[in-house]
Amino acid sequence: MNDETMDNKNIIIIQDLKKRYDDGKTAALDGVDLKIRKGEFVSLMGPSGSGKTTLLNMIGALDRAEEGNITVAGHDLMEKKDFSSFRSKEIGFIFQFHNLIPNLTVSENVQITMLETEVPHEKMVQRANKLLESLNLGNKINQVPTKLSGGERQRVAIARALVNHPSIILADEPTGSLDSKTGDIILDILREIHHKENVTLLLVTHEPYVADMAERKINLMDGKIS
Ligand SMILES: Nc1ncnc2c1ncn2[C@@H]1O[C@H](COP(=O)(O)OP(=O)(O)OP(=O)(O)O)[C@@H](O)[C@H]1O
Ligand SMILES: [Mg+2]
């Protein structure tokens, strides 16, 4: 173990990370160096195709890099083999298009995140519904997502990301598919969570005014932090 992996101030430590697609023809990440402190709120901007989603996928262990180092919440992701408990304990993912399962109810969509934990079934239902109530969705818990508005769906996605009390929230353009007023409500919720729960928040956005809300702004350009 080197000094970097012992670092307890930085929850995300990335060194010279490289990820290629198409048999190496596309360098989605081309040597990324990045450290994010525990509890920090960082915004990530960059042109389309610059590697933002790829970087989030690496941090959340949804995909693997070929080269470099990446340590998240003390886990060396280049070495690790089984990511399911890491993901459910440490990571809350909010996608641009919420990715809710259409034939499950709102409550069930939140509960599925807890399936990989030890939480008993009744407790799962309780926790999901309480969180949904706090996000003003108490009257929608038995509804299916296709019957909700865009903003309501994104609030369900936020509940799903939060229900295991992750240490890191990765939000990939969480307001990208919403009108600006609904988007602002979602941003207020995220800011409040960051503030109250001291969760680390990495937020991808194309909007400069959204990026300005963060404590630190970073830019990706052609797979590198610029
Ligand atoms: N599964 C994949 N297979 C092949 N190429 C991919 C794959 N995922 C991403 N890429 C390529 O990797 C590069 C980075 O993509 P990525 O999705 O990370 O960009 P992005 O910054 O999130 O863009 P956007 O702002 O449009 O969401 C792009 O050139 C993209 O075409
Ligand atoms: Mg993207």
Could you grab the relative contact order for the range 15-67? Cα pairs under 8 Å, six or more apart, rounded to a whole percent. 39 percent
Segment ASP63-SER134, length gained on full extension (0.36 nm per residue, minus Cα span): 22.4 nm
In deg cm²/dmol and to the nearest 500, what is the mean residue ellipticity at 222 nm of the chain if only DSSP H runs of at least 4 residues count, each as -39500 (n - 2.57), divided by the residue total? -9500 deg cm²/dmol
Phi angles of the range 24-30, converted by Karplus (6.51 cos²θ - 1.76 cosθ + 1.60, θ = phi - 60°) into ³J(HN,Hα) in whole Hz with x for Gly and Pro, give x, 6, 9, 8, 5, 10, 10
Can you list residues from other chains, or at least 5 along the same chain, whose modelled amide H is less than 5 Å from the amide H of ILE94? LEU170, ALA171, ASP172
Helix 121-134 against the longest principal axis of the chain: what's the angle in degrees, Cα atoms only, rounded to the nearest 10? 90 degrees
Under the Karplus curve 6.51 cos²θ - 1.76 cosθ + 1.60, θ = phi - 60°, whole-Hz ³J(HN,Hα) for the range 38-43, x wherever Gly or Pro sits: 4, x, 7, 10, 10, 9
Using R₀ = 41 Å, calculate the FRET efficiency as 1/(1 + (r/R₀)^6) where r is the Cβ-Cβ separation of LYS147 and SER84; round to 0.05. 0.85
Rounded to the nearest 5, the percent of antiparallel DSSP beta bridges in the range 3-225 equals 50 percent
With the 8 Å Cα cutoff and a minimum separation of six or more residues, the chain has a relative contact order in percent of 30 percent
What residues have an amide H closer than 5 Å to that of ILE11, excluding those fewer than 5 places away on the same chain, when H is modeled at 1.01 Å from N in the peptide plane? ILE36, ARG37, LYS38
Compare the peptides 109-115, 179-185 by average per-residue count of other Cβ atoms within 10 angstrom and give them in order, highest first. 109-115, 179-185
Which of the peptides 156-164, 126-134, 22-30 is most tightly packed, and how do the rest follow, going by the mean number of other Cβ atoms within 10 Å of each residue? 156-164, 126-134, 22-30
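Read the figures in this text as sums done on the coordinates, not as results from a lab. If you're wondering where the values come from, they're calculated on a predicted model, not measured in any experiment. Positions of Cβ are generated from backbone atoms using ideal geometry, with glycine treated the same way; all protein chains shown enter the neighbour counts.
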